[in-house]
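The values are calculated or read from the model by the stated rules, or taken from the named source; none is laboratory data. Please read these numbers as outputs of a predicted model, since none were measured by experiment. As a convention, Cβ positions derive from the backbone with ideal geometry for all residues, glycine included, and neighbour counts pool all protein chains shown. Just so you know, the surface numbers come from the protein's heavy atoms only, side chains and all, with ligands and any DNA or RNA stripped out. Shrake-Rupley method; radii C 1.70, N 1.55, O 1.52, S 1.80 Å.
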Amino acid sequence: MRRTPLVAGLAAVGLVIAACAGDASTSSPAPPPSGASTSTVSEATSSVAVSRSDTADSESTLSTDTDLSASTTGSPSETAATTSSPAVPGGAGGKVGVYTWWAAGLEKDGLDALLALFRAEYPNDRFVSLAVNGGDTQPQLEIDLKHDNPPDSFQWHAGAELSDYIKNGQIQPVDDVIAELGGSAVFPQGLLDRLTVDGHIYSVPANIHRVNMVWANPKVITSAGLDPAVIPGDMEAWIADLAKIKASGVDTPLTVGGTWTQVQLLENVLLADLGADKYTGLFDGSTDWAGTDVTAAVADFATLLTFTDTDAADGDDWPASIDAVADGTAAYNVMGDWAVAEFNSKKKVDGTDYTYFPTPGTDGVFDFLADSFTLPVRAKNQAGAKDWLTLIGSAEGQKAFNLAKGSIPARSDTAASDYPAYQQTAIASWQNDVIVPSIAHGSAVNLAWGSDIGAAVSEFHASGDATALQSELAAAAKKNAD
Ligand code: GAL
């Protein structure tokens, strides 16, 4: 599960917060509106592990259960200064409230792997998971930020999507954490450059995911008379294969889920048809969203959707789309490489039950996202948050997490041999390929822009009007590009 990508109005929220910042430092923040919070809170300490994060009927609120609303005083530095040093080593002490959308299933397994280490290494701290039911953290996070009741850290995509929070003064630099972790000696300089805004880094990356991957069922492909070892070289060849698979009697050769997965499919087609340079140019103004090559890509996207079960798609998250490939009711799904964990959970065998390849036309390119964690301004337990961030960025934290999650470490001091076959290919590609940023997962576009793209794709899903889709994409770029 992931956060909701549509976030109209965030900028306005930020402006309110910026306008109130002076007052907020001297007065208690307003509590969240009654009934607005449905955060499900889980707490874990070294000795006690109380997990309620998947309790659907919990009505615990963030402010009540974690007392995060009670003590907002002073500027960030003043707040940090009042955090008392613990008497014994093992972390700053106190509750560390963290928003994450890894609330269920395999994604929660990744989080749990981290928590086991956090408990062992920072026994003074008590991790409070602010995972929301269903994993959609964004609405509650917006409320808490709006009411100046920030968590100690929240999960977000690194890159352009963080820029609103930076501009609005809602998160602060974590340069010191990155430096203590080893800086460019342990993180690739290219990644640090991508995370740097006006000379500062604002989040600690937990991982790297690759978004331009097709997951395939070789048996379904073979039954259609095709050789699964022959990877289509571009969109045209892939569309021809899809047509053959459909003709063989497979109703849904390609699966797709709700809006963000459709945006992810569109970005794959844009990358395939435009190539890495022109695709990257979509975000700096050097490629025209109204141009003929985008028209051709939108047409290919429309064609791909004709091979999907579009009726069922709109409300679905990603696992159902991968499950259809795993179970043999579909041939392909385009999905970020968290998909590999889903195949593994179904005991499917790499190379026999499922195969994978870069989306046709994108070989040699790595469309990336990095999940990362932030340090909000006026977080109550800044020292505890830094313990959490330090664990996120550590070699052992990244290994435990990424083995479970299907992603690869953001750190460069990684032994590829520690990872299973798929992740070994991803590690090699990350080191050798051309890197481009993901639209659907926040590396390429800011929140408002991503929201407008999501709205355009969602409308297209209902209308099928490709001309309208392209003009809305062009309008979104014009409106939101910096
Ligand atoms: C992405 C996130 C991944 C995974 C995925 C599916 O945005 O970065 O870690 O959670 O959504 O939920």
Query - Answer from ASP314, ASP273, ASP293, ASP309 - the residue that is in contact with a helix residue (DSSP H, G or I) (Cβ under 7 Å, 6 or more places away or on another chain) and at pLDDT below 95 - result: ASP314
Requested in this report: Select from segment 245-261 the residues that are closer than 17 Å to VAL325 by Cβ and in a helix (DSSP H, G or I) and list them in ascending order.
Outcome: ILE245, LYS246, THR261
Report summary line: Scanning segment 264-274 residue by residue, those open to solvent by 10 Å² or more (accessible area, probe 1.4 Å), in contact (Cβ under 8 Å) with a residue 24 or more places away in the chain and in contact with a Ser or Thr (Cβ under 9 Å, 6 or more places away or on another chain) turn out to be ALA272
**Report entry** Residue ID - nearest to VAL88 (Cα to Cα), chosen from residues in segment 124-157 that are within 15 Å of the ligand (Cβ to nearest atom) and of a type in the set (A, V, I, L, M, F, W, C)
**Finding:** PHE154
**Report entry** Those residues of segment 202-223 which are within 30 Å of ASP293 (Cβ to Cβ) and in contact with a Pro (Cβ under 9 Å, 6 or more places away or on another chain), in sequence order
**Finding:** ILE208, ARG210, ASN212, MET213, VAL214, ALA216, ILE221
Query raised in the report: Tally time: how many residues in segment 163-173 are out of contact with any strand residue (DSSP E or B) (no Cβ under 6 Å at 6 or more places or on another chain) and within 12 Å of ILE201 (Cβ to Cβ)?
Result: 1
Report task. Give the residues of segment 116-131 that are open to solvent by less than 10 Å² (accessible area, probe 1.4 Å) and either of a type in the set (A, V, I, L, M) or within 22 Å of the chain's Cα centre (by Cα) (or both), sorted by residue number. Result -> PHE118, PHE127, VAL128, SER129, LEU130, ALA131
Report summary line: Checking THR261, THR287 in turn, the sole residue that is within 16 Å of the ligand (Cβ to nearest atom) and either free of Cβ contacts under 8 Å to residues at least 60 places away in the same chain or assigned by TED's automatic domain parsing to the domain that holds VAL230 (or both) turns out to be THR261
**Report entry** Test for PHE460: is it open to solvent by less than 30 Å² (accessible area, probe 1.4 Å) and over 26 Å from TRP156 (Cα atoms)
**Finding:** yes
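Here is a yes/no grid of residues against (1) in contact (Cβ under 8 Å) with a residue 40 or more places away in the chain; (2) open to solvent by 40 Å² or more (accessible area, probe 1.4 Å); (3) more than 18 Å from the chain's Cα centre (by Cα); (4) closer than 16 Å to GLY183 by Cβ:
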| site | (1), (2), (3), (4) |
| --- | --- |
| LEU389 | yes, no, no, yes |
| ASN402 | yes, no, no, no |
| LYS405 | yes, no, no, no |
| ALA415 | no, yes, yes, no |
